[in-house]
Amino acid sequence: MKNWPLWEVFIRSKNGLEHRHCGSLHASDATMALENARDVYTRRMEGVSIWVVESKYITASNPELNGEMFEPAKDKAYRHPTFYELPDELKHM
Amino acid sequence: MSEKEIKSLEEIFEKRIANDEKIEPKDWMPEKYRQTHIRQISQHAHSEIVGMLPEANWITRAPSLRRKVALLAKIQDEGGHGLYLYSAAETLGISRDEMYEQLHSGAAKYSSIFNYPAITWADMGAVGWLVDGAAIINQVALMGTSYGPYSRAMIRICKEESFHQRQGYEILLTLCNGTPEQKAMAQDALNRWWWPSLMMFGPKDAESPNTEQSVKWKLKRKTNDELRQQFIDQTVPQANILGLTIPDPALKWNEARKHYDFGEIDWNEFWQVVKGHGPCNKQRLDARRTAWEKGTWVRDAAMAYAEKQEMKLEKAV
Ligand SMILES: [Fe+2]
Ligand SMILES: [Fe+2]
Ligand SMILES: [Fe+2]
């Protein structure tokens, strides 16, 4: 027999906020995944909306490659407002 | 659905917004809400990417490496802003291709400010300081808008905008502390960008027919005139620090109102540019169309590659 696939669960805790990953579960199909997610992750009104995505469809970055992936942003201080030297009396900027 | 059912759905909907609840993509919404948001969010997206064009002109001419990396980083951000906004609009059921088509055919509008030319280096300063400054005021007001994806895009964008304005101001500050010619260049840029920047807030409230509905839906949390006044009040002292003169002889602090009074905006010019007769309307649209057409082979090649990879995978299974 085939194993039930793994699903990642994302919950929107209230309208206006984005869905956030909260965990995963096994289910035979999307409908069951939604229902199980409701039963496991929203028993105490934690959510108003649920997304489930079968885990195999998520492409994740490789932590071993974090250097080349994220380090280039490190030496770009000019992307931050504090990089610019402006007089103290300047307001609203 | 019967008319009565729709009526009651509309009432619940309006109540939710009045209670400061957000509307999310899968929630029921009146058709007019959907259409208005598609129009406004896609126009905003178009403005971000068309806004890259006047500044792109100066990347290779930036006077130092420091200025060049800052300008590049800013323009890169604007491209990202376009992406956030196009994605937010797509949650309402319009496709990216449809939106591009509307932009390229001239059916869609974008902010008129980008139909003015950027002819000197000081313009890069004035654009950052005034144009991004005005955009920030508009966008901060929109962080509280009722449509969830739009509001979240605004929050992200506002965080990124702050450096845009500061890098522009720093450019002008340097010019104003430089030679008399450099200072004159800064003044000239302010002279040309001041009035178009004021126009960025749109027509006067009395001539802005959508204001009431937009306020109700929190697409507008303040009116055009209120935002324009806020911009003037906070920008005049900034001009004073630079030692520049705002090109408006009627500009004067009003102690009773606690605001600056200012002169009449040339609304004829505003409508001319909106209707397509600004100095650069044609040039901007041509640049967008050319970029899109010249990018066709890249988009096609990427798709062909992806399909090939998929076929390989299928064969292997
Ligand atoms: Fe932007
Ligand atoms: Fe913007
Ligand atoms: Fe910006």
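Could you tell me whether chain B comes out rounded, prolate or oblate from its Cα gyration tensor? Rule is a ≥ b ≥ c as square roots of the eigenvalues, rounded for a/c under 1.5, then prolate if a/b exceeds b/c, otherwise oblate. Walk me through the numbers before you get to the answer.
On the way: a/c = 2.08, a/b = 1.20, b/c = 1.73.
Oblate shape, in that a/c is at least 1.5 and b/c is the bigger or equal ratio.
Here are some pairs, B:K282/B:K308; B:K218/B:K252; B:K26/B:K294; B:K222/B:K252; A:K91/B:K216; which of them have Cα atoms lying more than 28 Å apart in this structure? Don't skip to the answer; put the middle values down first.
On the way: B:K282/B:K308 39 Å; B:K218/B:K252 32 Å; B:K26/B:K294 36 Å; B:K222/B:K252 23 Å; A:K91/B:K216 31 Å.
Beyond 28 Å between Cα atoms: B:K282/B:K308; B:K218/B:K252; B:K26/B:K294; A:K91/B:K216.
Please work out the C-alpha center-to-center distance from the range B:276-314 to the range B:23-92 and express it in whole Å.
Centre-to-centre distance over Cα atoms comes out at 17 Å.
At a 1.4 Å probe, what is the % contribution of carbon and sulfur to the accessible area of chain B?
Values: 8960 of 15760 Å².
Solvent-exposed carbon and sulfur of chain B make up 57 percent of the total.
Specify whether the C-alpha gyration tensor of the range A:6-79 places it in the rounded, prolate or oblate class, a ≥ b ≥ c being the square roots of the eigenvalues: rounded for a/c under 1.5, otherwise prolate if a/b is larger than b/c and oblate if not. Could you put the intermediate results ahead of the total?
On the way: a/c = 3.87, a/b = 1.80, b/c = 2.15.
Here the range A:6-79 falls in the oblate category.
Relative contact order of the range A:6-79, please, whole-number percent, based on alpha carbon pairs below 8 angstrom and at least 6 residues apart.
Details: 87 pairs, mean separation 25.6, N = 74.
The normalised contact order for the range A:6-79 reaches 35 percent.
Is there a simple number for the mean count of other chain Cβ atoms within 10 Å of the Cβ of residues in B:234-241, and what is it? Don't skip to the answer; put the middle values down first.
Values: counts 3, 2, 0, 4, 7, 0, 1, 5.
Across the residues of B:234-241, the mean count of other-chain Cβ atoms within 10 Å is 3.
Using a Gaussian network model on chain B with a 10 Å cutoff between Cα atoms, which of B:G133, B:G93, B:G168 fluctuates the most?
B:G93
Tell me, what HN-Hα J-couplings in whole Hz come from the Karplus equation 6.51 cos²θ - 1.76 cosθ + 1.60 at θ = phi - 60° for each residue of the range A:32-48, using x for Gly and Pro?
5, 4, 4, 5, 5, 4, 4, 5, 8, 9, 10, 5, 10, 6, 6, x, 10
Leaving out ligands and nucleic acids, note down the accessible area per residue over the range A:6-79 with a 1.4 angstrom probe, in whole Å². Intermediate results must be reported in sequence, preceding the final value.
On the way: 5310 Å² over 74 residues.
Ligands and nucleic acids excluded, the figure is 72 Å² per residue.
What's the ranking of B:33-42, B:172-181 by average number of surrounding C-beta atoms within 10 Å, highest first?
B:33-42, B:172-181
For the pairing of chain A with chain B, what total accessible surface becomes buried, with a 1.4 angstrom probe, in square angstrom to the nearest 100? Intermediate values should be presented prior to the final figure.
Values: alone 8180 and 16740 Å², together 22900 Å².
Using a 1.4 Å probe, the pair buries roughly 2000 Å².
Just check the protein assembly as shown against the gyration tensor rule for me: Cα atoms, a ≥ b ≥ c as the square roots of the eigenvalues, rounded for a/c under 1.5, and otherwise prolate or oblate depending on whether a/b exceeds b/c. Walk me through the numbers on the way to the answer.
Details: a/c = 1.92, a/b = 1.47, b/c = 1.31.
Prolate is the answer for the protein assembly as shown, as a/c is 1.5 or above and a/b outweighs b/c.
Under the definition of partner shielding as Cβ atoms of other protein chains within 10 Å of a residue Cβ, what is the mean value for peptide A:79-89? Could the numbers behind the result be given before it?
Details: counts 9, 5, 9, 3, 7, 12, 4, 8, 5, 0, 4.
Rounded to a whole number, the mean comes out at 6.
I need the trypsin sites (Lys or Arg not before Pro) found in the range B:44-110, filtered to DSSP loop residues with at most 13 other beta carbons within 10 Å of theirs.
Values: sites: B:R61, B:R66, B:R67, B:K68, B:K74, B:R96, B:K109; in loops: B:K109.
Here no trypsin sites (Lys or Arg not before Pro) fit, given the DSSP loop and packing criteria.
Which residue fluctuates most in the GNM of chain A (Cα springs below 10 Å): A:L34, A:L25, A:L17?
Maximum among the listed residues: A:L17.
GNM, chain B, Cα, under 10 Å: largest mean-square fluctuation among B:P203, B:P117, B:P30?
Maximum among the listed residues: B:P30.
Partner chain Cβ atoms within 10 Å, averaged over the residues of B:165-176 - can you pull that number for me?
On the way: counts 5, 9, 6, 2, 5, 4, 1, 0, 5, 1, 0, 0.
Whole-number average of other-chain Cβ neighbours for B:165-176 is 3.
Please work out the average accessible area per residue across the range B:176-231, using the 1.4 Å probe convention, and give it in Å².
Values: 2700 Å² over 56 residues.
Per-residue accessible area for the range B:176-231 comes out at 48 Å².
With each pseudo-label sitting 7 Å past Cα toward Cβ, what's the B:R61-B:L83 distance in nm, one decimal?
2.9 nm
Apply the membrane-span-like helix rule to chain B: whole DSSP H runs, Cα extent along the own long axis of at least 24 Å, mean Kyte-Doolittle hydropathy at least -0.5. List the helices found.
Numbers: long enough: B:31-50 (28 Å, -1.20); B:65-90 (38 Å, -0.14); B:148-176 (42 Å, -0.31); B:180-199 (29 Å, -0.79); B:224-242 (27 Å, -0.68); B:296-316 (30 Å, -0.75).
Counting only whole DSSP H runs, the qualifying helices are B:65-90, B:148-176.
Using a basic spin-label model with each label point 7 Å from the Cα along Cα→Cβ, how many nm lie between A:R79 and B:W253?
4.1 nm
Run the accessible area of the range A:6-79 with a 1.4 Å probe and give the carbon-and-sulfur part as a rounded percent. The partial results should precede the final answer.
Numbers: 2870 of 5310 Å².
That share works out to 54 percent.
To the nearest 0.05, how large is the calculated FRET efficiency for A:D39 and B:E21 if R₀ is 35 Å and r is the Cβ-Cβ distance? Please list the in-between numbers first.
Working: r = 26 Å, r/R0 = 0.73.
Computed FRET efficiency for A:D39 and B:E21: 0.85.
Quick check: the distance between the Cα centres of the range A:45-93 and the range B:189-217, to the nearest angstrom?
Here the answer is 33 Å between Cα centres.
The values are calculated or read from the model by the stated rules, or taken from the named source; none is laboratory data. As the structure is a computational prediction, the values presented were derived from the model and not from experiment. We place every Cβ from the backbone using ideal geometry, glycine too, and count neighbours over all the protein chains shown. All accessible areas refer to the heavy atoms of the entire protein, side chains included, with ligands and DNA or RNA removed. Shrake-Rupley method; radii C 1.70, N 1.55, O 1.52, S 1.80 Å.
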